[in-house]
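Input: a single structure, listed below in C-alpha cells.
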Amino acid sequence: MKITILGAAGGEVTGSAYLVRTGAAQVLIDFGMFQGGHEADELNHVPAELAMDRLDAVLLTHAHLDHVGRLPLLERGGYAGPVRCTPATIDLAGLILRDSAKVQASDLERTNRRRRRAGKEPLEPLYDAGHVEAIMGRFAAVPYNSPVAVADGISARFVEAGHMLGSASIELTVEEKGARKTVIFSGDLGPWGAPILKDPEPFQGGDMVFLESTYGDRDHKPFAQTVEEFIVIVREAAAAKGKMLVPTFAVGRAQVMLALLAWMFRRGKVKPFPVYLDSPMAVQASKIYEEHPELFDEETLAFLRERPIAEDLEMAHSKATVTPEESKALNDVRGPCMILAGAGMCNAGRILHHLRQNLWKPETRVLIVGYQAHGSLGRLLVDGAREVKIFGEPIAVRANVHTLGGFSAHAGQRDLLHWFGALAPSKPRVILTHGENRSREALAKCIQNKFGIRSSTPGLHDTVEL
C-alpha cells in the first residue's frame, strides 16, 4: 500500500489530501483547497498522481474548504465515483462549495475587467456552480461507527472528531495479499470540552496514523479561562462604546460565538448589546446546525431545553445582515455592538470592509478567534502589524487586537497527545501533517519523549509505504 500526500504537508496547513493506492484500488481522503495568498492559489489544481479513471472513491473527514475545496476539479476531470462522508458533512460541504464558486465568480469578474482594459485575455475560475452541483450529486452519506466497504479490499469507519458539525476521523482497513492493515486519518481534531459538539473519539489501535499538528507546539488556554478573558474584553469595549469585530469562520466558529453570547446575556455576565451576524453563509450554516441536534453534547442540549438561543439574541436587538445594503448600513451603527463577519482569516469577505472602516479607531476591538494562515491579513494583525493594506489602501492599526486561542476548533498539543495515547500501545507509524514545521517538530518530540515512537514529517507529494 502506498499513500501519497497531496496537501497539508511540508509545513503547509491547508489543502489536505491523501491518495491511498493498493494493487486493486485507489481511494482519496479529502481534497482541500490551499489558502493563504498567491503562492497557495498556484497549488490549487489536480496533481499528476491523481488519475480519474483509476480513482474508486473519495472520503471526507469534514466540510471545511481546506478539506473539500478542490472536489469540483475531480468532476471537471471526469471522476465518476462516490464521495462518502457523514450526513452533516454533505449539508455543509454543499453550502461551502457553492459559496466558493460564487466567490470565485465575483472575484474574477473584477479581475477580468482590469485584464480587458489592459488588453489581456480573461481568466477562468477553478470551477463554477455547475461543477459544484455535479460533484454534490456524487455524495453518499455514511453513519458514524459502522464500517462500510468503499473499494476492493478497503473498508472505512468514521468516528467523531469534535472539530465541526459532522467532522470525523477515518479508520481504513485494507486487506491485500493475505495481509490486513489499519490506517487512521485523524482529520482535524477538536479540543476536549468545547461547546456544542461531542468530544473526539480516539481509536484503540492501528498500523499507521496520519495525525494533524496545527497546534502541535502549544496548548490553548482552557475554554473557561478564555470565556472569562472574553467577558472582560467585551465589558471594556462596551464601556468605550466601541465596535467589536470578530473575523468569523461561517461554519463552526460563528455558531459557537453566538451560543456563547446567548449564554453571557442569559446568565447576566454582560449587559446585552446588539450582535450582527454579517454573513449569509453563517446564517445558512446555523440552520444546518439546528437540523442536527443528535451531534450536540449534553450541556448544549440542556441549555437549549431552557429556551432557544435565538430568543436571547433577539432580546439584545441582534440580527442577521444578509444583503449587501444591510452590511453597509453597519458603518453607521454606533457601538457598543459586535459584528461577526467572514472570512475567518480576513483574506476576503465582508470583514475586510469593517476592518477598513474601523481598524484606525482606538475604541475598536478586533477579536481573533481562529487559526490565521501565513500570508493572511489576520496573521498580520496577530503578529502586531501597525499598518496593513486593505483593497490597496494603507490602513493604520490603532484598534486593540486580541487573540483568543481558547476558542479554537483545533486540539492543542495536550489534546493531540491525549487522542494519540489510546493508539500508542499498538506502536503505529506516525505521519505528522497539517501543521507548520515548528508545530510538527514540537509534536514529534513530544510523541518521542512520551511514547517512545518516532514520527515522520513528510513534504508535499511524498509517498509513504506500508
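The values are calculated or read from the model by the stated rules, or taken from the named source; none is laboratory data. These numbers were taken from a predicted model, which means no experiment stands behind them. Heads up, the Cβs are rebuilt from the backbone with ideal geometry, glycines too, and the neighbour counts pull from every protein chain shown.
Miscellaneous remarks
- Unmet criterion (only one of (1) modelled with pLDDT of 95 or more; (2) not in a helix (DSSP H, G or I)) for F265: (2)
- Scope segment 88-105; condition closer than 22 Å to D56 by Cβ and in contact with a His (Cβ under 8 Å, 6 or more places away or on another chain); matching residues: T89
- In segment 443-466, residue surrounded by the fewest Cβ atoms within 10 Å (Cβ to Cβ) [restricted to those that are aliphatic (A, V, I, L, M), closer than 26 Å to Q35 by Cβ and over 22 Å from the mean Cα position of the chain (by Cα)]: V464
- Only residues that are assigned to a helix (DSSP H, G or I) and under 21 Å from Q372 (Cβ atoms) were counted across segment 181-224, and they come to 1.
- Residue count for segment 270-279, restricted to those that are surrounded by 21 or more Cβ atoms within 10 Å (Cβ to Cβ) and assigned to a loop (DSSP other than H, G, I, E, B): 1
- Checking every residue in segment 104-123 against the condition of being at pLDDT 95 or above, closer than 19 Å to V46 by Cα and part of a helix (DSSP H, G or I) gives zero matches.
- Restricted to segment 243-269, and to residues there that are charged (D, E, K, R) and in contact (Cβ under 8 Å) with a residue 24 or more places away in the chain, the residue that is surrounded by the most Cβ atoms within 10 Å (Cβ to Cβ) is K243.
Here is a yes/no grid of residues against (1) within 22 Å of the chain's Cα centre (by Cα); (2) buried (at least 17 other Cβ atoms within 10 Å of the Cβ); (3) touching a residue at least 12 places away in the same chain (Cβ under 8 Å):
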residue	(1), (2), (3)
A118	no, no, no
L123	no, no, yes
V132	yes, yes, yes
I135	yes, yes, yes
A179	no, no, no
S186	yes, yes, yes
G190	yes, yes, yes
D199	yes, yes, yes
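- Hits in segment 313-350 - residues which are farther than 22 Å from M264 by Cβ and of a type in the set (A, V, I, L, M): V322, A329, A343, M345, A348
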